[in-house]
Amino acid sequence: MGSLVVSKSRTCIKHLFTSWVINPLYFRPALACLPQQNIMRAVRLTVNPHTQYYSTKGDKQAHSQASKEKWFTPKTRPVFPNSVFTAGTAKRTAEYMKKKARVVTEEQPPLRARKSVKICLPDHPPTASEWAKLKESFSTPDHFEVHMMNRLLKTNADVNIAKSLLAYVVQDKGTLSYEVLLRYLTLCVSGGHHSEVFDTYDIMRTCFKSLDPGASSLFVKGFSQTERWREALEVLEGMKKAILPSPRNYSDAITGAALHGDTETSWRLYDELLELGLVPNQDTWQCLFQSGITQHGHEDKLFSVLSYMRDNQIYPEEPLIKTIKAWFESLPDQKWSGNFSYVAPSGQCKNCKASLESVQLTEKEYAELKDQVMEKVIEGSDVFKKTTPEELNRFKSFVKQRSPFDIVIDGLNVANTSPKSAHSETLLAVVSELEQQGLNILVLGRKHMLQPSRNWDRQNMNKIKQKAHCFFTENISEDDPFLLYAALHSGVHCRFLSRDLMRDHKACLPERATRRLFFKWQRGHQLVFSHYTPGKRVQFQGISVYDTIVQTSGSSWHIPYDEDGEDRATYEVPRKWLCLTQEH
């Protein structure tokens, strides 16, 4: 079933509302007057291979095992105490940079808006003559009823005002459009006007041969809140014949079943949702855990929900985490106690003092990630849009001769960090700081960095080549695939330094499990250069040592969650945890 263009859908409803009386069941007398034939119109919404590299550190074939065990001691800056992946860091960084920049923009004179007469919404159900006067003052009379219904919906107006508008439209035109009825239905569902939802359902099913997904979704939600909740399941079944219902549709149906005590049906629908490959929403889990507090017997299924969150790196929101806490504490004879906590930089829970799981990948995970990144990102067809096979092969040979590296630096990305110094000066400061820690360093750059200029001082570049292995690609080449290749080829100990969060490359990985591994590896290996002032030491943001996922040791659970009001970017992880411990 294609989506319906409701603006062109009309049905004749004769003599409906000819004598208007405010009545919540006003639709029922009109059913006998509906015509047998209705018209519904449906429209389907439808490169140069000459690469330069330099290495004055020798052509060592292999480094000692001690090299692999080197660890970073980055100096963290007070302004950015957390990892770049910690919730709220992106927002705080943006606010700090905005304040620091102090950009003063000249005020522009406001554009003169086209004058229009704004119709005030009535505060009581108008009569037909009053609606007619309002329509006369409206600039586009043909869209009057849709415009007014939209405004009533936006302001969550009294449903009786909307009823009076429908009565006027029937009297004025002898017909009600699908578009107007759909907006009226939305107002009824959002306002919990159940009898009006029932009446609208009867009208629309009688007048129209089929319902679009929008109307069907509203009826699923509307019926689920009432004693007629089983009819929501019938509407859901009807939707399946034409489209794949959304997680929201399933959530409404699951909620209806759970609220009315039919937990078996709610879990059957939940299993069906997962089998279809849909991701449950927070309201679905909220309802299931809430029902688990009053109706025990589905503990294994609720624990499987937590496992699903872990496997898919999903974080509960604060209302859900409070319900999860209440559910644990309601389990008979299990003596669970929940507390909201933070995790120290060392990875220790501040409440129970337990150490959380390491963010480092296992050997099996690392091998799987390396193979996938090599295949999809490094050797994939797209990489040659920004480089050539010859350049990539030369780089592979270069890495083979000089790896394993302890850290790989995105030279151009790092050099552009500080506005107070020349690019080469910033890059030299970073390389010098890391060299003092005895690290085997690879700097990736582009050939234009070797051309002496104000930003690229030849003396600074020569010093960089003395302290690190350097590889300079063509100016049009993309750095990231080279960086990922060198870091992954060097082994699990190797870190990389860049402000680029690699989101495009993570998106190239076909499976969600592999993308989660990439993000886990990234959080444990990406060093971010946060600040440099000439004459002072280089400062870095910290790297997490623990993994931010749902985890359990059997007698304890640690669940990271999103606090209310926390502005977390998609690549960030929460800071707050629910710590659940079991008394023995």
Subject >> Those strands (runs of 3 or more DSSP E) lying entirely in the stretch 468-536 with at least 1 residues open to solvent by 10 Å² or more (accessible area, probe 1.4 Å) and touching a Lys or Arg at 6+ places or on another chain (Cβ under 7 Å) >> reply: 526-531
Original post:
Looking at (1) open to solvent by less than 10 Å² (accessible area, probe 1.4 Å); (2) over 30 Å from Tyr571 (Cα atoms), can you tell me which one Tyr250 breaks?
Top reply: (2)
**OP:** Would you be able to say whether some residue in the stretch 173-185 is buried (at least 19 other Cβ atoms within 10 Å of the Cβ), hydroxyl-bearing (Ser, Thr, Tyr) and assigned to a helix (DSSP H, G or I)?
**Re:** yes
Subject >> Any chance Glu272 is under 27 Å from the mean Cα position of the chain (by Cα), modelled with pLDDT of 95 or more and open to solvent by 30 Å² or more (accessible area, probe 1.4 Å) >> reply: yes
Original post:
Can we say Ala215 is in contact with a Gly (Cβ under 6 Å, 6 or more places away or on another chain) and either surrounded by fewer than 16 Cβ atoms within 10 Å (Cβ to Cβ) or in a helix (DSSP H, G or I) (or both)?
Top reply: no
Original post:
Of these, Val408, Val343, Val377, which one is of a type in the set (A, V, I, L, M) and at pLDDT below 90?
Top reply: Val377
Original post:
Do we find that Ser195 is open to solvent by 30 Å² or more (accessible area, probe 1.4 Å) and farther than 18 Å from Asp212 by Cβ in this structure?
Top reply: yes
Original post:
Of Glu363, Glu425, Glu390, which residue is closer than 22 Å to Cys494 by Cα, out of contact with any Ser or Thr (no Cβ under 6 Å at 6 or more places or on another chain) and among the acidic types (Asp, Glu)?
Top reply: Glu363
**OP:** Answer yes or no as to whether Ser432 is of a type in the set (Ser, Thr, Tyr) and surrounded by fewer than 18 Cβ atoms within 10 Å (Cβ to Cβ).
**Re:** yes
Original post:
Looking at Lys364, Lys350, Lys322, Lys335, which one is closer than 27 Å to Arg512 by Cβ and open to solvent by 70 Å² or more (accessible area, probe 1.4 Å)?
Top reply: Lys364
Subject >> Options Phe540, Phe529: the member that is of a type in the set (Phe, Trp, Tyr) and modelled with pLDDT under 85 >> reply: Phe529
Original post:
Restricting attention to the stretch 537-576, and to residues there that are within 27 Å of Leu306 (Cα to Cα) and in contact with a helix residue (DSSP H, G or I) (Cβ under 6 Å, 6 or more places away or on another chain), which single residue is surrounded by the fewest Cβ atoms within 10 Å (Cβ to Cβ)?
Top reply: Asp564
Original post:
Are any residues in the stretch 147-162 of a type outside the set (A, V, I, L, M, F, W, C) and within 18 Å of Thr127 (Cβ to Cβ), and if so, which ones?
Top reply: Asp158, Asn160
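The values are calculated or read from the model by the stated rules, or taken from the named source; none is laboratory data. Just so we're clear, the structure is a prediction, and the values are computed from it rather than from any experiment. Heads up, the Cβs are rebuilt from the backbone with ideal geometry, glycines too, and the neighbour counts pull from every protein chain shown. We work out accessible area using only protein heavy atoms, side chains counted, and drop any ligands, DNA or RNA first. Shrake-Rupley method; radii C 1.70, N 1.55, O 1.52, S 1.80 Å.
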